[in-house]
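This report refers to the structure that appears directly beneath it.
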Amino acid sequence: MIAQDFNYSTPATIEEALGLISGGEAKLLAGGMSLIPLMKLRLAAPGHVVDLSRVAGLSGISEAGGAIRVGAMMTHYEVESSALVRARCTLLAETAAMIGDVQVRNRGTMGGAVAHADPSADYPAALQALEARVTIAGAAGTRVVSVDEFFVDTFTTGLEPGEIITGIEVPVEPEGTGVSYQKMLQPASGFAIVGVAVRIRKEGGVISFARVGVTGLGSRAYRAAGVEERLAGTAGSASDIANAAAVIADGIDANSDIHASAAYRAQMARVFGARAIQAAVNRAA
Amino acid sequence: MKRQISVTINGRTRTDEVEPRLLLIHYLREVCGLTGPHIGCETSLCGACTVEFNGQAIKSCTMFAVQADGGRVTTIEGLASNGTLHPVQEAFWEEHALQCGFCTPGMIMAAKQLLDRNPAPDDPEIRHGIEGNLCRCTGYQNIVAAVRSAAAKMSA
């Protein structure tokens with residue numbers, strides 16, 4: 001369980017970090033909760049590790065222009081305990097609190113988790129439901145990508161070689177929005193076998209807005225547009241919810257592993273999807 | 001290539017030359033001689049290697065020693081002061097919260113983290129707070145009782 005030898009750098013600025021990774025050989029280290037286990041197993045053996053923990057400008061949580069910006073190096077604990085996130089984007093705080101265990105949340109970062117793009121990670125479900133955006137710095141400047149474009153496939157993102165995630169932007173949730181993240185977890189690791197994040201708004205007693213993000217089921221987290229369409233315009237009764245959740249796995253090539261077969265995962269997505277929708281409907285004003 | 005790091009461990013700052021790939025747990029046990037933090041699973045699941053880094057509980061098997069450069073580490077050896085056990089240690093003793101004792105150093109560090117953030121946890125919160133730590137004897141009942149007792153001591 002000893003990683004292959006590597007060179008280690010601790011840049012102080014984004015520019016310096018970009019310079020160090022421009023050759024394409026270096027691997028970025030954030031909290032290390034995914035990279036270090038991979039290095040110990042030698043599934044990853046980078047010759048050069050660039051630690052982002054001392055880079056200025058990757059921390060902080062702030063609100064501007066109807067959005068909350070979470071710096072890429074903010075830990076899951078910092079997100080779950082942020083008064084701003086808890087009050088203004090409750091879904092993100094509640095999802096962060098359900099990642100791994102406390103020691104992992106103390107070290108693991110939002111940028112790192114997003115960059116790793118584990119198909120069972122928790123954040124991506126919430127970020128899909130939130131229609132979040134990822135801000136990325138590169139040699140050519142900064143660009144902003146929607147998470148739907150960003151999450152390409154299993155462990156595969158739209159991040160190009162030589163780029164660094166600087167932050168994630170989520171919308172400030174309007175008052176009265178009901179949210180919930182529900183997951184069936186793998187007890188040893190805490191990863192989601194399936195996880196469903198939901199945002200619901202009601203107007204005049206009917207659902208006027210529904211967003212549903214799903215993780216764990218497919219090769220990447222996705223928005224279940226079919227579920228959203230079936231919910232819109234209904235009163236959100238138990239049968240409306242069951243009818244909507246029934247299509248949550250439609251068109252998805254479900255993952256299968258030692259923890260859950262594809263058919264079981266799809267069924268659990270419908271079950272946990274219905275629970276998350278019900279909880280969000282109950283909380284919507 | 002070795003790098004020089006300077007880390008304040010249990011209140012004393014020391015400087016060492018380490019390989020970047022040296023894990024914090026190996027640094028603590030083999031270089032610093034602090035064998036309180038244990039190596040259980042070495043895959044960041046069991047929590048036996050839990051120590052505090054800059055005031056936060058972390059799994060020292062999933063951090064390189066070089067990442068701790070300039071920081072503060074507290075191990076189980078650093079909890080007692082002047083021969084007086086920390087209230088969490090005392091409560092583990094009184095409530096018989098260990099059988100084989102292997103998980104105890106990590107369990108106590110996780111419990112301390114919980115009580116630092118939540119001085120009066122209920123039982124589900126205690127169980128949630130120590131979910132990153134496994135007791136291979138499955139002696140969780142007394143561990144939960146000890147954390148409850150420590151919370152009462154610390155708020156008294």
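Every number in this text was worked out from the coordinates using simple rules, so none of it is lab data. Worth saying up front: this structure is predicted, and the values here are computed from it rather than measured. Note: ideal-geometry Cβ built from the backbone for every residue, glycine included; neighbour counts use all protein chains shown.
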Extend 7 Å from the Cα of B:D122 along its Cα-to-C-beta direction; within the range A:77-101, residues with backbone N under 17 Å of that point are none
Total charge of the residues flanking B:V147 in space, meaning their Cβ is under 14 Å from its Cβ, with Lys and Arg +1 and Asp and Glu -1, is -3
One finds, for B:R136 and A:S208 with R0 = 30 angstrom and r their Cβ-Cβ distance, a FRET efficiency to the nearest 0.05 of 0.05
Computed over chain B, the distribution of all Cα-Cα distances in 10 Å bins, rounded to whole %, is 12, 42, 32, 12, 2, 0
GNM on chain A, Cα springs under 10 Å; top mean-square fluctuation among A:Q267, A:Q182, A:Q103 goes to A:Q103
Chain A, Gaussian network, Cα under 10 Å: of A:I252, A:I193, A:I168, the residue fluctuating most is A:I252
Cβ-Cβ cut-off under 10 Å around B:L45, Lys and Arg +1, Asp and Glu -1: the net charge is -1
Projected onto the charge dipole of the range A:178-284 (unit charges on the beta-carbon of Lys, Arg, Asp and Glu, signs +1, +1, -1, -1), the Cα from A:S219, A:A232, A:Q267 with the largest positive-side position is that of A:A232
Under a Gaussian network model of chain A whose springs join Cα atoms within less than 10 Å, the largest fluctuation of A:G66, A:G158, A:G213 belongs to A:G66
Once the in-chain neighbours fewer than 8 apart are removed, the lysines whose Cα is under 26 Å from A:K40 read A:K27, B:K2, B:K59
Total charge of the residues flanking A:V172 in space, meaning their Cβ is under 15 Å from its Cβ, with Lys and Arg +1 and Asp and Glu -1, is +2
Least to most buried among B:C41, B:C49, B:C135, B:C103, by other C-beta atoms within 10 Å and fewest first, runs B:C41, B:C135, B:C103, B:C49
Partner shielding of B:111-117, taken as the mean number of other chain Cβ atoms within 10 Å, equals 1
With Cα coordinates, the longest principal axis of chain A makes an angle with the long axis of helix A:262-283, in degrees rounded to 10, of 70 degrees
Note: A:E16 to A:S146 extended length (0.36 nm per residue) minus current alpha-carbon separation gives 44.2 nm
Label model pair A:V172, B:S155: point-to-point distance (7 angstrom along the Cα→beta-carbon line) in nm is 3.5 nm
Relative contact order as a percentage, chain A, C-alpha pairs under 8 Å and 6+ apart, gives 16 percent
Over the Cα atoms of chain A the radius of gyration and the largest Cα-Cα distance (Dmax), both in Å, equal 18.9, 62
